Amino acid sequence: MHIDMDAFFASVEQRDRPECRCQPVVVGALPGNRGVVSTCSYEARAYGIRSAMPIAEAYRRCPDAIFLQPNMQHYTEASQLVMATLETFSPVVEQVSVDEAYLDITGVTRLFGSAEEIARKVKAAIWRETELACSVGVGSNRLIAKLASEHDKPDGLTVVPPDQVESFLDPMSVSNLRGVGPKTLKTIQRLGIRNVQQLRGYALEALQHYFGEKMAESLFRQARGLASDHVGVRRRRTSISKETTFRQDIVDLQRLRSTCRRLAADVGRSLRGEGLKGQVVSIKIRLSGFETHTRQRRLEAADDRDSTLFKVAWDLFQVSGYMGKPIRLIGLGVSDWGDNSGTNMDLFSEEPASDREQRLYSMMDEASVRFGKGVISLGIPEKKTE
Ligand SMILES: [Mg+2]
């Protein structure tokens, strides 16, 4: 079962502020500032406002909307209540973001009834505890459950029995499938594939020809409704880091700098892959012998961008006092996930990640899946004197 809260941040605001009920509510940056829409109410969606839209555009579409800055603490509290409610139905709850979770109900049907009855009870319990609506999807694996919860938003309940998986998928746009980015979609369109049924008509070899090995396999499997059914109570990692040991100790700044860039790209890609943003960037420097030092800095807002990681890491290195010493190993790590992990909250920081920048990163990440990591990285200007 996949549970997805409807317009989560906006719904919490509508619940807590009577003046927001039945009104277009836009949570995100405030008009007049840079930044984007994080979540908007369904009333706001009627004006064409969407998540990740620049706030100026949202304002143009509906100047009378209620614009609010996010209150993460309220959202986190509501989220914890939702997750605790889910745990009363099954011990196997996998929270995937602040407003989404998978629930394994394989073993609890005797206790709570059919899948559909359980879904109904889950929705009712969440409403009772939080006064928030959610959409629930039930399927034989993660993909189907997730697509089912998306199928009938808001306040939806969709059960896809195993023998109806293909007929459920058939009319669906390929863009609904997981991991389908703009590049893949372009090829899909070029091939004239309009839905999953047509996609299923392509042999694996043909897909490999157009999409590369990994994406082809993913499309092939998804078109058949094949996916993992594992629901894990996932222990979240507390940090993500990469390091490089040099064969010979290095003094050359250009080389250290480009290594640092590569590490930033690797860590950034892992962060985005797991939907995490970190608030602390650290570096590790090992000198000749095993003398090891670390330096770290807290960011103003959680971030997952290569450019930020690199900037901070290189800056830390420059002020570390170890510039010019022979270096054996250099490492870059990110930790302390912000409350905003998995959402677009860093878009409200002083230097918001623009839409364009987000698209750029998702294209880069897609390219690295298709063609191998490091095939594309950000061009961060080389400076001569540092
Ligand atoms: Mg949601």
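The values are calculated or read from the model by the stated rules, or taken from the named source; none is laboratory data. Nothing here was measured: the structure is a model prediction, and the numbers come from that model. With ideal geometry, Cβ positions are generated from the backbone for all residues, glycine too; neighbour counts draw on all protein chains shown.
Considering the conditions (1) polar (S, T, N, Q); (2) surrounded by fewer than 18 Cβ atoms within 10 Å (Cβ to Cβ); (3) not assigned by TED's automatic domain parsing to the domain that holds Gln318, Gln254 is excluded by exactly one of them, (3). What are the residues in the range 52-71 that are surrounded by fewer than 18 Cβ atoms within 10 Å (Cβ to Cβ) and either within 15 Å of the ligand (Cβ to nearest atom) or polar (S, T, N, Q) (or both), if any? Once the filter is applied, which keeps residues that are surrounded by fewer than 18 Cβ atoms within 10 Å (Cβ to Cβ) and either within 15 Å of the ligand (Cβ to nearest atom) or polar (S, T, N, Q) (or both), the range 52-71 yields Ala52, Gln69, Asn71. Among the residues of the range 302-322, those identified as under 15 Å from Ile283 (Cβ atoms) and out of contact with any helix residue (DSSP H, G or I) (no Cβ under 6 Å at 6 or more places or on another chain) are Thr308, Lys311, Val312, Asp315, Leu316, Phe317, Gln318, Val319, Ser320, Gly321, Tyr322.
Given Arg15, Arg34, which one is assigned to a loop (DSSP other than H, G, I, E, B), touching a residue at least 60 places away in the same chain (Cβ under 8 Å) and either touching a helix residue (DSSP H, G or I) at 6+ places or on another chain (Cβ under 9 Å) or away from the ligand (no atom under 16 Å from the Cβ) (or both)? First the steps, then the outcome.
Numbers: Arg15 fails: assigned to a loop (DSSP other than H, G, I, E, B).
After ruling out the rest, the residue left standing is Arg34.
Filtering the range 132-167 to residues that are surrounded by 19 or more Cβ atoms within 10 Å (Cβ to Cβ), free of Cβ contacts under 8 Å to residues at least 40 places away in the same chain and closer than 22 Å to Arg221 by Cβ leaves Leu147, Thr158, Val160.
Check the range 5-21 and report whether any residue there is polar (S, T, N, Q) and over 24 Å from Ser149 (Cβ atoms). Explain how you work it out, then say what you get.
So in the range 5-21, the residues polar (S, T, N, Q) come out as 11, 14.
With over 24 Å from Ser149 (Cβ atoms) added as a condition, the list becomes none.
No, the range 5-21 contains no residue that is polar (S, T, N, Q) and over 24 Å from Ser149 (Cβ atoms).
Among the residues of the range 102-125, just one is surrounded by fewer than 22 Cβ atoms within 10 Å (Cβ to Cβ) and within 15 Å of the ligand (Cβ to nearest atom), namely Lys123. As for the range 226-236, it holds at least one residue that is under 20 Å from Asp303 (Cβ atoms) and not hydroxyl-bearing (Ser, Thr, Tyr).
Quick one: would you say Glu129 is outside the structural domain of Ala10 (by TED's automatic domain parsing), more than 14 Å from the ligand (Cβ to nearest atom), surrounded by fewer than 19 Cβ atoms within 10 Å (Cβ to Cβ) and free of Cβ contacts under 8 Å to residues at least 24 places away in the same chain? Don't jump to the end; show me each part of the working.
Values: outside the structural domain of Ala10 (by TED's automatic domain parsing): yes; more than 14 Å from the ligand (Cβ to nearest atom): yes; surrounded by fewer than 19 Cβ atoms within 10 Å (Cβ to Cβ): yes; free of Cβ contacts under 8 Å to residues at least 24 places away in the same chain: no.
Judged against the criteria, Glu129 is not a match.
The selection criterion, being crowded, with 19+ Cβ neighbours inside 10 Å, among the acidic types (Asp, Glu) and free of Cβ contacts under 8 Å to residues at least 40 places away in the same chain, holds for Glu43. Scanning the range 85-101 for residues that are surrounded by fewer than 18 Cβ atoms within 10 Å (Cβ to Cβ), away from the ligand (no atom under 16 Å from the Cβ) and under 26 Å from the mean Cα position of the chain (by Cα) yields Glu87, Pro91. The residues of the range 286-301 that are over 12 Å from Gly331 (Cα atoms) and in contact with a helix residue (DSSP H, G or I) (Cβ under 6 Å, 6 or more places away or on another chain), listed by number, are Arg297, Ala301.
Looking only at the range 133-178, residues that are in a loop (DSSP other than H, G, I, E, B) and more than 15 Å from the ligand (Cβ to nearest atom) come to 11 in all.
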